[in-house]
Amino acid sequence: MSRAPKFLFVGLDSMDANLALQWAERGELPALAALRDRAVWGPTRGPDGFYVGGIWPSFNTASTPARHGQYCWKQFDPATYLDFDPPYDDGDAAPWWHALDRAGREVAIVDLPRTIFAPELRGLQVHDWGTHDPLPPGFLTSPPELAAEILERYGTDPVGVCNDAPRSEARHCREFLAKLSRRITLKRELARDLMARRGWDLFALGFGEAHCVAHQCWHLHDATHPRHDPALAREIGDPLLQVYRGLDRAVAELCAAASPETTLILLLSHGVGSHNDGDHLIDEALARIEKKLRHGRSLTLAERVSYLVRAENRAKRPIAGRLRRWPARAFRRSFRIPNNEAFAGIRINLEGREPHGRIRPGVEFDAYCEALARELLLLRNAATGGPAFHRVERCDGLYPEGSKLPLLPDLLAEWNRDAEFQALESPTIGRVEGRYRGIRTGDHRPHGLFLATGPGLTPRRVDTAVSVMDFGPTIAARLGVELGDVDGEPIRELLAGAID
């Protein structure tokens, strides 16, 4: 029997592949450059339509959003028409490393984004010590006593919620970057400490600093951004490059700490760019489109009265003895729901699914979706005259199966993100105006990058993008463990060295 392989997985959350490769070529990221020269490497893709909020849950479970149900930090509740903080359960899917743990493999999971903490696992877990987007349980460990040790040796997360970072002065930018650098250093040292404690079959680690700096500091990196401040950029330098250098050093040290038989898989999860979209305008556009599309039933008298006394809150008290305070969207035919803005998420008010459904399932639903998609594709970015959307897809066309499908948007419209949106126009809606007022100047792009080195792997480039759902099945196959019913598949180019 051959020696059992070992894996070190390092996830660099939202580290942009194009920037990373460009800076590696320039000598700014020597560890990445050296890895690429000896790696199997190539592009990756996240779940279509949900590559922002659904990418890490899809990696973690090797399953689609229609099965794990996680696609945004806020999601839509069909029973109330309200947006809520979703409970983070598995849906039809569980993290793939649970199967490794049950099969007796030694597993350590440290700060992988959007993971489910599972106290029943034998292996080591460090949950949300220092991630970009922590889940409500907060910092937890298994074994439980490890938490106190980590806090004593490494302290609490020095960054916290990056949206809360002050940003009005140069010193604020420097403080923010210093905190990101500090967290990279602490995470690197924590990982090296934990790696040395046991002979892990899988040690999986996540870094979230590229994610934070992209959202908050893209305008300082990108001289074409409307909020770019040349003087501040000269004083601060390129924040993204500074963070990427720190991550490159961390990767170099972790590779040096790994044993010779270890296979490294490095994942740059998805890219970044300017925060250009019209998500702040789309719901008003949908309301105007709705006046033209006559599909579906009219409001009943009771619904009209309820609409007049509606309140945009979570109140559940009856009105006039029987009527309930529903939000305004309960009386619409379609409306925007949260989906992290790269794709507009659009929900159809469907009879039998929503309490006040107005579109009938079947033929009418199909016709309405088709008519609405045509209208959306007519929308233009008023600043450029170009189309607002690249495409509009039905979610049940992209994901035909899964118990969580009824909770997802019905239509996914991919924004054309080449320019800022200050107004949408079309013959149907006229002109809808408004500026994006959010604090984030950078946002996500769909494609990522992977690099894998280790025994039995011959350096080469893989041209076809592999799914993030495929990494779990690949590692499991090489460790001789059957995952069962998942949507991902082993990556053929990485299957060398499987257990006999």
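The values are calculated or read from the model by the stated rules, or taken from the named source; none is laboratory data. All values derive from a computational prediction rather than experimental measurement. Every residue, glycine as well, gets a Cβ built from its backbone with ideal geometry; the counts of neighbours run over all protein chains shown. In case anyone asks, the SASA skips ligands and DNA or RNA and just uses the protein heavy atoms, side chains included. Shrake-Rupley method; radii C 1.70, N 1.55, O 1.52, S 1.80 Å.
Numbers for the structure displayed
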| quantity | calculated |
| --- | --- |
| Pair list, Cβ < 6 Å and 6+ apart or interchain, from the range 64-86 residues that are under 15 Å from L408 (Cβ atoms) to residues that are buried (at least 24 other Cβ atoms within 10 Å of the Cβ) and among the polar types (S, T, N, Q) | H68/T61; C72/N339 |
| Hits in the range 175-192 (condition: out of contact with any strand residue (DSSP E or B) (no Cβ under 9 Å at 6 or more places or on another chain) and in contact (Cβ under 8 Å) with a residue 12 or more places away in the chain) | F176, L177, K179, L180, S181, R182, T185, L186, E189, R192 |
| Exclusive hit being closer than 18 Å to F9 by Cβ, surrounded by fewer than 16 Cβ atoms within 10 Å (Cβ to Cβ), among the aliphatic types (A, V, I, L, M) and out of contact with any Cys (no Cβ under 7 Å at 6 or more places or on another chain), set A196, A191 | A196 |
| Any hit, the range 67-90, residues being buried (at least 20 other Cβ atoms within 10 Å of the Cβ), modelled with pLDDT of 95 or more and within 24 Å of L240 (Cα to Cα) | no |
| Tally, over the range 280-292, of residues that are in contact (Cβ under 8 Å) with a residue 40 or more places away in the chain and open to solvent by 10 Å² or more (accessible area, probe 1.4 Å) | 7 |
| From D48, D16, residue being open to solvent by 10 Å² or more (accessible area, probe 1.4 Å) and either among the hydroxyl-bearing types (S, T, Y) or within 27 Å of A99 (Cβ to Cβ) (or both) | D48 |
| Contacts under 9 angstrom Cβ, first residue in the range 421-442 being within 13 Å of L286 (Cα to Cα), partner basic (K, R) and part of a strand (DSSP E or B), 6 or more apart | L424/R380; L424/R431; E425/R380; E425/R431; S426/R380 |
| Condition check for P166: part of a loop (DSSP other than H, G, I, E, B), more than 28 Å from G472 (Cβ to Cβ), open to solvent by 20 Å² or more (accessible area, probe 1.4 Å) and at pLDDT 95 or above | no |
| Of all residues making up the range 200-257, the number that are over 20 Å from T185 (Cβ atoms), part of a helix (DSSP H, G or I) and touching a strand residue (DSSP E or B) at 6+ places or on another chain (Cβ under 9 Å) | 4 |
| For T263: the one exception among (1) open to solvent by less than 50 Å² (accessible area, probe 1.4 Å); (2) among the polar types (S, T, N, Q); (3) touching a helix residue (DSSP H, G or I) at 6+ places or on another chain (Cβ under 7 Å) | (3) |
| All positions within the range 102-153 that are under 30 Å from E482 (Cβ atoms), assigned to a loop (DSSP other than H, G, I, E, B) and small (G, A, S) | A103, G104, A118, G123 |
| Unique match (being in contact (Cβ under 8 Å) with a residue 60 or more places away in the chain and surrounded by fewer than 18 Cβ atoms within 10 Å (Cβ to Cβ)) among A103, A108, A147 | A103 |
